[in-house]
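Undergrad: Supplied in structure tokens, the structure appears directly below.
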Amino acid sequence: MKSVFFFLLLVFSCHILSAQVIYEAFESNKLGESRELKIQLPRGYDKNDKKTYPLFIVLDGDYMFEAVAGNVDYFSYWEDMPESIVVGVNQLDKRYDDCLYSEQNSLPIDTGAKFFEFIGAELIPHIQSKYKIGNFKVAVGHGETANFINYYMLKQQPLFQAYFVISPELAPKMNAFVSDRLLKFESKIFYYLATSTNDVPSILKGTEELNNSLSSLDNKNLYLYFDKFEGSSHYAVPTHALPKALEAVFSVFQPISKEEYKEEILKLESSPVVYLQEKYKTINELFGLEKQILINDFKAIEAAIEKKEAFQYFEELGKLARDEYPETLLGNYYLARFYEETGETKKAMRTYQSGYSFEEIGGITKDLMLEKADAIKADFGY
């Protein structure tokens, strides 16, 4: 067991070391003091001048930054989420002042109001001026700071598109604030909420009440996720919550899973090719990047077409494959399958034969293409 633990610790450490971590003292006019920042840039950040990245703002950065940065680096390494920039704000000995709110209306006051303005008016513009930041921004908080990040959602133009609200120590009126605001969102918003059976009793109670309120909301733009972990202490909840939050919020970015294939694609009554295009359109719109359709996702759609014998969709799939991988056999293979299954056998044979000058890809080889052409030739005497 110990050897497994040390192996995982080594893997985690290697991921942190391979990304670029920068430490900066940022002078804030709003706070009237310097605040320590930790900034993790993605692997190979300097290699692509045009690419932009989602931004994570991590409060309680003195202890939460490494946990968030490590998970983000790990998930993006395996392409389960886009590469991202992570910024941690150290709040050691400042946490209470930074999160101060009025007991009367539950809104930030005094030092809390200054910290609120610091994040939106100073920190994020500063990061945007130095690094290539996209439109998708994530706020992460734990305890008091988990309550605090909700305030940014109350703005007319919310600062973040995703909120990781972990074991929140909620202000008295926060349940009502959040419920009312999430009901009215007209663009996609991601809200992840977590606690545990062994959390601070008042936090557990407040978090469950908030989840109950949010679960009844009817808003197609709201993507709500909730976890209640068994036995974890208040300070252990982030270690469980962070990977679950990343997996949930960035699920659309991930390759088509067995569950998505069975529960979504096989149940479609319309074109699975359009489903694939919409999936990647959503990725591009949400995260501001052009992600090439994965070969495995093409394979998933191919398998669905075969299973449902909806061979007419091979034509769409072939055209899409030619656009995505023009130098490869992929497009010709699917178009040939379309012609073969719809009775245009001579056209299918010629399409298989024409693939000889293209690159092999995803198990589709030149030998396979010629074998299929020869089989048609033998069957029909061409």
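The values are calculated or read from the model by the stated rules, or taken from the named source; none is laboratory data. Here the structure is a predicted model, which means the values were calculated and not measured. Cβ sites come from the backbone with ideal geometry, for glycine too, and all protein chains shown count toward neighbours.
Undergrad: Testing Gly343 on (1) at negative phi; (2) part of a loop (DSSP other than H, G, I, E, B), one condition comes back false. Which one is that?
TA: For Gly343, the exception is condition (1).
Undergrad: I would also like to ask the following. Applying the selection to the stretch 296-312, what residues are within 19 Å of Glu260 (Cα to Cα), surrounded by fewer than 18 Cβ atoms within 10 Å (Cβ to Cβ) and among the hydrophobic types (A, V, I, L, M, F, W, C)?
TA: Once the filter is applied, which keeps residues that are within 19 Å of Glu260 (Cα to Cα), surrounded by fewer than 18 Cβ atoms within 10 Å (Cβ to Cβ) and among the hydrophobic types (A, V, I, L, M, F, W, C), the stretch 296-312 yields Ala303, Ala310.
Undergrad: Name the residues in the stretch 77-112 that are assigned to a helix (DSSP H, G or I) and touching a Phe, Trp or Tyr at 6+ places or on another chain (Cβ under 9 Å), would you?
TA: Passing the criteria: Asp97, Asp98, Thr111, Gly112.
To keep it simple, each residue is scored yes or no on (1) exposed (fewer than 12 other Cβ atoms within 10 Å of the Cβ); (2) modelled with pLDDT of 95 or more; (3) within 20 Å of the chain's Cα centre (by Cα); (4) within 30 Å of Ile295 (Cα to Cα).
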| residue | (1), (2), (3), (4) |
| --- | --- |
| Val4 | yes, no, no, no |
| Phe7 | yes, no, no, no |
| Leu41 | no, yes, yes, yes |
| Val58 | no, yes, yes, no |
| Asp62 | no, yes, no, no |
| Ala69 | no, yes, yes, yes |
| Ser84 | no, yes, yes, yes |
| Tyr96 | yes, yes, no, no |
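Undergrad: From Phe190, Phe160, Phe164, Phe226, which residue is hydrophobic (A, V, I, L, M, F, W, C), at pLDDT 95 or above and not in a strand (DSSP E or B)?
TA: The conditions single out Phe160.
Undergrad: Just a yes or no: is a residue in the stretch 186-196 without any contact (Cβ under 8 Å) to a residue 40 or more places away in the chain, closer than 27 Å to Asn135 by Cα, of a type in the set (Asp, Glu) and out of contact with any Asp or Glu (no Cβ under 9 Å at 6 or more places or on another chain)?
TA: Looking for residues that are without any contact (Cβ under 8 Å) to a residue 40 or more places away in the chain, closer than 27 Å to Asn135 by Cα, of a type in the set (Asp, Glu) and out of contact with any Asp or Glu (no Cβ under 9 Å at 6 or more places or on another chain), one finds at least one in the stretch 186-196, hence yes.
Undergrad: Might you check whether a residue that is aliphatic (A, V, I, L, M), in contact (Cβ under 8 Å) with a residue 40 or more places away in the chain and either outside the structural domain of Val237 (by TED's automatic domain parsing) or buried (at least 22 other Cβ atoms within 10 Å of the Cβ) (or both) occurs anywhere in the stretch 123-139?
TA: The answer is yes, given that some residue of the stretch 123-139 is aliphatic (A, V, I, L, M), in contact (Cβ under 8 Å) with a residue 40 or more places away in the chain and either outside the structural domain of Val237 (by TED's automatic domain parsing) or buried (at least 22 other Cβ atoms within 10 Å of the Cβ) (or both).
Undergrad: Could you give me the residue pairs with C-beta distances under 6 Å whose first residue belongs to the stretch 151-167 and is at negative phi and without any contact (Cβ under 8 Å) to a residue 60 or more places away in the chain, whose second residue is small (Gly, Ala, Ser) and not in a loop (DSSP other than H, G, I, E, B) wherever it lies, and which are 6+ apart or on separate chains?
TA: Hits for this filter: Leu159/Gly120; Tyr163/Ala139; Val165/Ala146.
Undergrad: On to the next question. Considering only the stretch 284-295, state which residues are in contact (Cβ under 8 Å) with a residue 60 or more places away in the chain and either assigned to a helix (DSSP H, G or I) or assigned by TED's automatic domain parsing to the domain that holds Trp78 (or both).
TA: Leu286, Phe287, Ile295 - these are the residues of the stretch 284-295 that are in contact (Cβ under 8 Å) with a residue 60 or more places away in the chain and either assigned to a helix (DSSP H, G or I) or assigned by TED's automatic domain parsing to the domain that holds Trp78 (or both).
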